[in-house]
1. Exactly one condition in (1) in a helix (DSSP H, G or I); (2) touching a helix residue (DSSP H, G or I) at 6+ places or on another chain (Cβ under 6 Å); (3) surrounded by 18 or more Cβ atoms within 10 Å (Cβ to Cβ) is not met by S196; state its number.
2. Step by step: first the residues of the range 211-222, then only those that are more than 17 Å from the chain's Cα centre (by Cα) and open to solvent by less than 40 Å² (accessible area, probe 1.4 Å), then the one that is farthest from G151 (Cα to Cα). Which residue is that?
3. Name the single residue that is least open to solvent (accessible area, probe 1.4 Å) among those in the range 43-77 being free of Cβ contacts under 8 Å to residues at least 40 places away in the same chain and either within 18 Å of V150 (Cα to Cα) or aliphatic (A, V, I, L, M) (or both).
4. Might you check whether a residue that is farther than 15 Å from R308 by Cβ and touching a His at 6+ places or on another chain (Cβ under 7 Å) occurs anywhere in the range 67-82?
5. Under the condition of being of a type in the set (G, A, S), over 15 Å from the mean Cα position of the chain (by Cα) and surrounded by 15 or more Cβ atoms within 10 Å (Cβ to Cβ), which residue from the range 252-299 is nearest to T320 (Cα to Cα)?
6. Mind counting the residues in the range 81-93 that are within 13 Å of L324 (Cα to Cα) and either open to solvent by 10 Å² or more (accessible area, probe 1.4 Å) or within 19 Å of the chain's Cα centre (by Cα) (or both)?
7. Taking A32 as meeting all but one of (1) assigned to a strand (DSSP E or B); (2) touching a Phe, Trp or Tyr at 6+ places or on another chain (Cβ under 8 Å); (3) open to solvent by 60 Å² or more (accessible area, probe 1.4 Å), write down the number of the exception.
Amino acid sequence: MRAIHATQAGGPEVLSVVDLPDPQPGPGEVLAEVAAAGVNFIDTYQRGGVYPMPFPHVPGAEGAGTVIAVGDGVDGLSVGDRIAWAEAPGSYAEQVLVHADAAVPVPDGLDLAAAAALPLQGMTAHYLLTSTFPVEAGHTVLLTAAAGGVGLLLTQLAAARGARVIGMVGSREKEALAREAGAAEVIRYTELDDLSSDVPRLVRELTDGVGVDVAYDGVGKDTFDASLASVRRRGMLVLFGGASGQVPPFDLQRLNRAGSLFVTRPKLADHTVDREELLWRARDIFDAARAGSLKVRIGARFPLTEARAAHEALEGRATTGKVLLIP
């Protein structure tokens, strides 16, 4: 089978196309023919060496496809079943091994490309809104990268709960997408001189000087100070990504001085601890997408062999919505 190798820690240029033996499912595993693989920032962190990984490795952990072989001890999955996954290392390939406990069924009426776009980013948006900070009607939310993959989903879900979403984007095109998804207000950060002072000033103007109940920040280093300064007294900053780089250590007394704030750095794996929780989040997201109440924007589809270009586009913030690789 064809697959992508990250040969060493580095930039997108370390990605290359290789031929590997077809995998064989072991006990508790199924082998899936990949219809589409999701491209996510965590893949770039692993490729770049921010997160320790062995090299070479096949990047990617998200996707959707069809079961073509079943290992011993697997119940409830059969050849021909359509599945999606958020935790199957080596998904940048034509075939991937998926642990049966990590496979979620794709409902009829939802195509596999849309299903591949949802497991990581959709369930991330789900846990951010339902578990990390339960958003309710009347809350005001600040969201960085509001036109990104998580951003567009999270904006829709928050607006559907009756929250007021203030989105941050980098262009007029992305502003239009954020507003279409339900953002009540949009800040174009590329037009500001100093994010750390201008964003909080604009947010305070939009909230009668109070600030937001929660700031969801997936950009990291470039926006962290601005997000923190935009949160109301006893509010929360949720740092769920580092698209611009990792946030350096900071003095916890800042939280005291800013009004007894809360800061958390969650991840999906801690919110899909058991099969029941995984299926709950996946069903909620898949059912909403199938019903049309949650719009899935696939902003770019690259052939598997162009994984390098996909990483360059993602890291260059040249994409909106979800980026997929198609074997």
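The values are calculated or read from the model by the stated rules, or taken from the named source; none is laboratory data. Nothing here was measured: the structure is a model prediction, and the numbers come from that model. Cβ coordinates were reconstructed from backbone atoms using ideal geometry, including for glycine residues, and neighbour counts include every protein chain displayed. For the accessible areas, the whole protein counts, side chains as well, though only heavy atoms, and no ligand, DNA or RNA atoms are used. Shrake-Rupley method; radii C 1.70, N 1.55, O 1.52, S 1.80 Å.
1. Every listed condition holds for S196 apart from (3).
2. So, considering only residues that are more than 17 Å from the chain's Cα centre (by Cα) and open to solvent by less than 40 Å² (accessible area, probe 1.4 Å), the one farthest from G151 (Cα to Cα) is G211.
3. Per the criteria, the residue is V67.
4. Of the range 67-82, the ones farther than 15 Å from R308 by Cβ are 67-82.
Filter again for touching a His at 6+ places or on another chain (Cβ under 7 Å), leaving none.
No, the range 67-82 has no match at all.
5. Initial filter on the range 252-299 (of a type in the set (G, A, S)): 258-260, 269, 282, 288-289, 291-293, 299.
Okay, now just the ones that are also over 15 Å from the mean Cα position of the chain (by Cα), so 258-260, 288-289, 291-293.
This time we only want the ones that are surrounded by 15 or more Cβ atoms within 10 Å (Cβ to Cβ), so: 258, 288-289.
Numbers: A258: 33, A288: 20, A289: 18 Å.
Looking at the filtered set, the residue picked out is A289.
6. Keep residues of the range 81-93 that are within 13 Å of L324 (Cα to Cα), which gives 91-93.
Filter again for either open to solvent by 10 Å² or more (accessible area, probe 1.4 Å) or within 19 Å of the chain's Cα centre (by Cα) (or both), leaving 91-92.
Qualifying residue count, the range 81-93: 2.
7. Of the numbered conditions (1) assigned to a strand (DSSP E or B); (2) touching a Phe, Trp or Tyr at 6+ places or on another chain (Cβ under 8 Å); (3) open to solvent by 60 Å² or more (accessible area, probe 1.4 Å), the odd one out for A32 is (3).
Listed here are the residues, each with its yes/no results for (1) at pLDDT below 95; (2) open to solvent by 20 Å² or more (accessible area, probe 1.4 Å); (3) more than 24 Å from T320 (Cα to Cα).
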position	(1), (2), (3)
A183	no, no, no
Y189	yes, yes, no
V203	no, no, no
G209	no, yes, yes
F224	no, no, no
G241	yes, no, no
